[in-house]
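Everything on this sheet refers to the single structure shown next.
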Amino acid sequence: MRMPKKHLDDDMADILADTEVFNRMGEEIKETEEAEEEQDVEEEKTVEEEIEEAKEEQEEEKQEEKENRNIYEYEEDIIDEPVKKEKEEHEEVITPMKRESRGFGTFLLMVLSFIVGGVAMIGIIQYTPLLNELGVDTKTSNTVVTKNETQVYEKGSLAASVEKIYDAVATVRCYTNTQLSSTGTAFVYKTDKKYGYLLTNAHVVNDQEKVTITFNDSEEEVDVEVLGKDSYLDLAVLKVDVEHVSLVANIGSSEKVNLGDTVFAVGAPMGYEYRGSITSGILSGKDRMVTVSVGNSNVEDWVMRVLQLDAPINPGNSGGPLLNVNGEVIGVCSMKLVDSQIEGMGFAIPIEYAMNHVEQLEKGEKIEWPVIGITMANVTETSTLSRNGISISDKIKEGVVIVSTQSDSAAEKAGLKKGDVITKLAGQKVKDIAYLRYELYQHSAGDEIDVTYIRNGKEYTVSAKLGKSSD
């Protein structure tokens, strides 16, 4: 991506200004060295002049004392020797100083040249596509490990992460009477020697005569078998011949993702035509309690604890993976949880919750939910209560009213009766039927839990041993 021209001009101007400062410093050092060289030359000239003067004096003395030439010659030797020695000593002092000064200046110039060159090179590379072509962002690089265990650096790009999941995702098409009735998304979470196994939403494949998938890396529409599904989980497992599978998704952890972290979804919003679409956003919330209707019911009779995200989730995204920035699945998207009147708010089932149940679904086993053995109504359903001859205090604003108890059920054995208002299960507040089911399904058949209820204006708590749905 090319930088805006204004930013480029400003940064290059700073680099050129720094370069000009370094150049001025280099010129000052050079001028200092030249001055030192001139001083050395002057000093050498002074020594030579002194020697010449001494020689002239010697010549004059030779003329005056021609009779004693031997004495004069002797004196000449005496004079010449110290002068020569003085010159040599003076030259020995000057030469090392000059060499040391010149050596330091040269070294400093080399260092400054290296710095200037490095700064200029960084500035040039920073705003050229060279490193971007190599996948390197020169500003704030994000590191992503690709499926080939290599590293890719690119600011804001999810390309390497998408590569790790893209071919594991498939578009689901469902048919009734040979007519296309619904679409959704699924992804491969494991394979064995014969088959690939895909996870999707139960509401995508509910009551369909024929279900097919088309992988993102293929145009072939392949029949699949629905091994198992559960409406409360809103999950289903599909099976396909392994020869059609080219990639298996990496399963991550929603618990390790923080609020504000980047997440993205892969799916087929609005159907097959837009299959393989990528949408991204952030994780907006965790442990959101969302009420939904089960099956074809129009009543919100179930609560799910889900992840909230601002990545767009549209019809057709249901059953697709929600992923972290490293391309690991952290949730299963569900359009069923999205309120069509609210924009920028999507939800996904945490992957841990889904993976806890896939083994049973693979085997086609029915999920055995615990039961307490009652028919019930919300305290706000006044018409239902009136129709069943039940009256409750206006002071009671939340809770679940027992309309009837089943024979030999956990409720009957615990002494619960028609008209009792359940307000807590296992110490957890129960606002309505959806929350009662949620708290109930956190337990297993055979567990004993406390049930808190109101009867005739008084609160009581009893222990009930839960049965199972097949009882």
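The values are calculated or read from the model by the stated rules, or taken from the named source; none is laboratory data. Remember, it's a predicted structure, so these values are computed and weren't measured experimentally. Here Cβ is always computed from backbone atoms with ideal geometry, including for glycine, and neighbour counts include all displayed protein chains.
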Quiz item: When the stretch 263-280 is examined, which residues are found to be buried (at least 18 other Cβ atoms within 10 Å of the Cβ) and not charged (D, E, K, R)?
Solution: VAL263, PHE264, ALA265, VAL266, GLY267, ALA268, PRO269, GLY276, SER277, THR279, SER280
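Just for the stretch 205-247: of the residues that are hydrophobic (A, V, I, L, M, F, W, C) and in a loop (DSSP other than H, G, I, E, B), which one is farthest from the chain's Cα centre (by Cα)?
Kept after step one, since they are hydrophobic (A, V, I, L, M, F, W, C), are these residues of the stretch 205-247: 205, 211, 213, 215, 222, 224, 226-227, 233, 235-238, 240, 242, 245, 247.
Subsequent filtering for residues that are in a loop (DSSP other than H, G, I, E, B) retains 224, 233, 245, 247.
Details: VAL224: 33, LEU233: 27, VAL245: 26, LEU247: 21 Å.
My answer is VAL224.
Does at least one position in the stretch 291-299 carry a residue that is closer than 22 Å to ILE165 by Cα, of a type outside the set (Val, Ile, Thr) and assigned by TED's automatic domain parsing to the domain that holds THR185? Step through it out loud before you land on a result.
As a first pass, look at the stretch 291-299 and keep what is closer than 22 Å to ILE165 by Cα: none.
Looking for residues that are closer than 22 Å to ILE165 by Cα, of a type outside the set (Val, Ile, Thr) and assigned by TED's automatic domain parsing to the domain that holds THR185, one finds none in the stretch 291-299, hence no.
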Practice problem: Of all residues in the stretch 248-262, count the ones that are crowded, with 20+ Cβ neighbours inside 10 Å and more than 15 Å from the chain's Cα centre (by Cα). | Solution: 1
Exercise. Starting from the stretch 199-220, keep only residues that are over 11 Å from ASP234 (Cα atoms), then list their pairs with residues that are acidic (Asp, Glu) and assigned to a strand (DSSP E or B) whose Cβ atoms are within a distance under 6 Å, requiring at least 6 positions of separation or different chains.
Key: THR212/ASP223
Quiz item: From the list ASP450, ASP394, which residue is under 44 Å from the mean Cα position of the chain (by Cα) and farther than 27 Å from SER293 by Cβ?
Solution: ASP450
Self-check item: Filtered residues of the stretch 155-181 (kept if over 30 Å from ASN206 (Cα atoms) and not polar (S, T, N, Q))
Solution: LYS155, GLY156, LEU158, ALA159, ALA160, GLU163
Quiz item: Regarding GLN428, is this residue under 27 Å from ASP234 (Cβ atoms) and either assigned by TED's automatic domain parsing to the domain that holds GLU300 or in contact with a helix residue (DSSP H, G or I) (Cβ under 7 Å, 6 or more places away or on another chain) (or both)?
Solution: yes
Exercise. Name, by its number, the condition in (1) surrounded by fewer than 24 Cβ atoms within 10 Å (Cβ to Cβ); (2) at negative phi; (3) at pLDDT below 90; (4) not basic (Lys, Arg) that does not hold for ASN326.
Key: (3)
Quiz prompt | Residue check, ASN317 within 30 Å of LYS256 (Cα to Cα), touching a residue at least 40 places away in the same chain (Cβ under 8 Å), in contact with a strand residue (DSSP E or B) (Cβ under 7 Å, 6 or more places away or on another chain) and surrounded by fewer than 20 Cβ atoms within 10 Å (Cβ to Cβ) | solution = no
